[in-house]
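Quick notes on the structure that follows.
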Amino acid sequence: MKTDMRAMVIHQYGNHPVSEERMPMPAMNPNEVRVQIKAASVNPIDFKIRDGGLKVLLKYEFPLILGNDFAGVITEVGANVKDYQVGDEVFGRPRKTKIGTFAEYISIDASEIAPMPKGLTFEEAASIPLVGLTSYQALNEVMQLKEGDKVLIQAGSGGVGTFAIQLAKAMGLYVATTGSDRGKELVESLGVDEFINYREQDFSKILNNFDGVFDTLGGDNLQKSFEILKLGGTIASVSGIPTDKNARDLKLNLGKEALLRVASYKLRRRAKQFNVNYEFLFMHPSGDQLKEIAQLIEDGKIKPIIDKVFDFKDTQQALEYSTNGHAKGKIIIKMDN
């Protein structure tokens, strides 16, 4: 029986290269399955974790295996798991305390996976979990949008944006997005209703009376987003500043709750000024939501958008390519096991 595996790890916070090392096989509990990972995807949260941007909220021990979603094959099933068996092809996003998909194996709670959508390759399936769940929860749980509502999805040609546009259209929403000329053809092929070239146009001067904004950029783009919402509208951000509500949801101590209350004060004040809502989205794993997403894919309403696939040994190159910020769709790491 294997006792160790190949993995891409970091030994400290900061913009340091990942290194390929032998790591112990992940331990399993009775509610988990062990999965041989066939492909994983690169996501912005990988850099936030690597650089220490989330250490106030999430405590990790080193050496740390990076990676936040995957597709693969179950090789072992915990005693309490009834819905899966060895050989099942699954995809998923582990909870934030058990990341580590840039590796040959992962142990993951059975509630955090779903059967892979029929007809997809492992690479295509691996592109879905994190962006799919983030988009689903932003549109449904945070903004609570309904058919006919208007939503701005920032950076539509990126990994999150390409998925969110398709999901929003499947929900019957009116979708505007921002991007450059390089991404216009792609987002229009996904059904976007209104495209704004951010190099030439200011979306805050063009859009108004929107029900929601899905902010993936932060900074000035987030500040301007408040201006286009109708009264009671909502911003769901993955690039802004977490709030004291996030601290309570994560059951952090009172000191960290106070710290985030201060850090997010200006954003919360701006939301109050415009009589709208601001919420930072900490996506949570959900096998049930992944099953809904898989059905949309099988029904032909959503398709994976992949920019480039890297071999496992080239994981650092994949990370560097992602930080350039020009990818159209997802960046995938393919295992060669």
Notebook entry, point to check: At a Förster distance of 25 Å, what's the computed FRET efficiency of R268 paired with K59, Cβ-Cβ distance as r, to 0.05?
Noted result: 0.50
Margin query: I need the semi-axes of the equivalent ellipsoid of the stretch 1-73: take the C-alpha gyration tensor, multiply each eigenvalue by 5, square-root it, list largest first in whole angstrom.
Written below: 22, 14, 13
Note to self: Around G53, under 14 Å between beta carbons, what's the net of Lys plus Arg minus Asp minus Glu among the other residues?
What the structure shows: +3
Notebook entry, point to check: In terms of modelled amide H atoms, which long-range or inter-chain residues lie less than 5 Å from the amide H of A39?
Noted result: A71, M335
Notebook entry, point to check: Top mean-square fluctuation among F226, F214, F274, Gaussian network model of the chain, C-alpha springs under 10 Å?
Noted result: F274
Check: Mean separation of Cα pairs under 8 Å and 6+ residues apart, divided by the residue count of the chain: what relative contact order is that in percent?
Finding: 19
Notebook entry, point to check: Gaussian network model of the chain, Cα springs within a sub-10 Å range: biggest mean-square fluctuation belongs to which of K301, K82, K48?
Noted result: K82
Next item on the list: With a probe of 1.4 Å, find how much accessible area the stretch 143-280 has per residue, and write the answer as a whole number in Å².
Entry: 48
Note to self: Looking at the chain as a GNM with Cα springs under 10 Å, which of L66, L173, L252 has the largest mean-square fluctuation?
What the structure shows: L252
Check: Counting only Cα, what are the radius of gyration and maximum Cα-Cα distance Dmax of the stretch 68-111, in Å?
Finding: 10.1, 27
Margin query: Using a 1.4 Å probe on the protein heavy atoms, what percent of the accessible area of the chain belongs to carbon and sulfur?
Written below: 48
Item checked: Calculated FRET efficiency for the pair E200/H326, C-beta based, R₀ 22 Å, to 0.05 -> 0.75
Check: How much of the DSSP beta bridge set in the chain is antiparallel, as a percent to the nearest 5?
Finding: 55
Next item on the list: Determine the shape class of the stretch 118-189: with a ≥ b ≥ c the square roots of the Cα gyration tensor eigenvalues, call it rounded for a/c under 1.5, and otherwise prolate if a/b is greater than b/c, oblate otherwise.
Entry: oblate
Check: Where both residues lie in the stretch 57-216, what percent of DSSP beta bridges are antiparallel, nearest 5?
Finding: 40
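The values are calculated or read from the model by the stated rules, or taken from the named source; none is laboratory data. All values reported here derive from a predicted model rather than from experimental measurement. Cβ sites come from the backbone with ideal geometry, for glycine too, and all protein chains shown count toward neighbours. Surface areas here come from the heavy atoms of the whole protein model, side chains and all, with no ligands, DNA or RNA. Shrake-Rupley method; radii C 1.70, N 1.55, O 1.52, S 1.80 Å.
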